[in-house]
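Comments concern the structure below.
Here, each number is a calculation from the coordinates, and none is a lab measurement. Note that the structure is a prediction, hence the values are computed from the model and not measured. No Cβ is skipped: glycine too gets one built from the backbone with ideal geometry, and neighbour counts run over all protein chains shown.
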Amino acid sequence: MLKKLLVACLGTAVVLAAGVAFAGVPCAGTSECNVSVLHKGTTSCDGTGGAFCPAGDQDTILVEVVIRDCYGNTLADKQVTITPPGGDFCFCEGPKVVTTDSLGEASTTFAEFGGCGFVQFSASSEGMTVLGNLVYSANFDNDAPANCAVTLGDFARFAAVYLTSDACMDYDCSGQVTLGDFAKFAAHYLHACPAE
Ligand SMILES: [Ca+2]
Ligand SMILES: [Ca+2]
């Protein structure tokens, strides 16, 4: 009986402490980081993938965050750091800091980067981090690791997968690397990050 009472009291204390400590504080369990692709021109790619160039002159990734506390209240005026992935990717711009509006929302875009494969962003605010959903990057800068420039090494990789179903260089999401993809590659040859 005593034990039950003790557990009940402790439980109440924890709930109260949590209520005091975490109302108004960003919470990973209720916050969102939604990532999608904005296409430049017509393509058969959907919103979960696109073709990207370090020069930023092809498709764009849109990162939208909603910051809430653990009770589901949206939080305004919170600074959120949106960090791109590392690994084999090469982002011309580092993490970006945005501030939530009156609806607890903020967004930013990334277009200038190299590297093929699934991209995952993270959004951090006041010690909590929430991961974004994956989107796919076909890229004109397709070295592994990417070097933020479309050069001969990238062409060598393109040539090696020509007429295959390699997704890294299937820039129009047709399912095959064909002449249409080569035309796009050629148009971005020697592109690099924009000058500061
Ligand atoms: Ca490259
Ligand atoms: Ca294609």
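Looking at T83, T151, T129, T109, can you tell me which residue is over 11 Å from the mean Cα position of the chain (by Cα) and more than 16 Å from ligand 1 (Cβ to nearest atom)?
Exactly one residue qualifies, and that residue is T129.
What pairs can you find where one residue is in the range 133-147 and touching a residue at least 40 places away in the same chain (Cβ under 8 Å) and surrounded by fewer than 16 Cβ atoms within 10 Å (Cβ to Cβ), the other is of a type in the set (S, T, N, Q) and not in a strand (DSSP E or B), and their Cβ atoms are less than 9 Å apart, with a gap of 6+ or different chains?
What qualifies is N133/T48; N133/Q120; L134/T48; L134/Q120.
Please go through (1) under 23 Å from the mean Cα position of the chain (by Cα); (2) of a type outside the set (V, I, T); (3) not in a loop (DSSP other than H, G, I, E, B) for E196 and return the number of the only condition it doesn't satisfy.
(3)
Among the residues of the range 47-68, write down those that are buried (at least 20 other Cβ atoms within 10 Å of the Cβ) and either assigned to a loop (DSSP other than H, G, I, E, B) or free of Cβ contacts under 8 Å to residues at least 24 places away in the same chain (or both).
P54, A55, Q58, D59, I67
Exactly one of (1) crowded, with 16+ Cβ neighbours inside 10 Å; (2) away from ligand 1 (no atom under 15 Å from the Cβ); (3) in a loop (DSSP other than H, G, I, E, B) is unmet by S165. Its number?
(1)
Looking only at residues in the range 115-132 that are away from ligand 2 (no atom under 16 Å from the Cβ) and part of a loop (DSSP other than H, G, I, E, B), which one is surrounded by the fewest Cβ atoms within 10 Å (Cβ to Cβ)?
Restricting to residues being away from ligand 2 (no atom under 16 Å from the Cβ) and part of a loop (DSSP other than H, G, I, E, B), the top hit is G127.
Look through the range 168-183, keep the residues that are over 19 Å from T48 (Cα atoms) and small (G, A, S), and return whichever of them is nearest to ligand 1 (Cβ to nearest atom).
Residue satisfying both the conditions and the ranking: A183.
Answer yes or no: is there a residue in the range 95-112 that is surrounded by 19 or more Cβ atoms within 10 Å (Cβ to Cβ), at positive phi and touching a strand residue (DSSP E or B) at 6+ places or on another chain (Cβ under 9 Å).
So far as the range 95-112 goes, yes, one or more of its residues are surrounded by 19 or more Cβ atoms within 10 Å (Cβ to Cβ), at positive phi and touching a strand residue (DSSP E or B) at 6+ places or on another chain (Cβ under 9 Å).
Being within 30 Å of V177 (Cβ to Cβ) and either more than 16 Å from ligand 2 (Cβ to nearest atom) or free of Cβ contacts under 8 Å to residues at least 60 places away in the same chain (or both): is that true of L38 here?
Judged against the criteria, L38 is a match.
Looking only at the range 45-59, decide whether some residue is farther than 20 Å from V130 by Cα, among the acidic types (D, E) and within 16 Å of ligand 1 (Cβ to nearest atom).
Yes, because at least one residue in the range 45-59 is farther than 20 Å from V130 by Cα, among the acidic types (D, E) and within 16 Å of ligand 1 (Cβ to nearest atom).
Please state which one of G72, G49, G86 is at positive phi and out of contact with any His (no Cβ under 9 Å at 6 or more places or on another chain).
Only one candidate passes the filter, namely G72.
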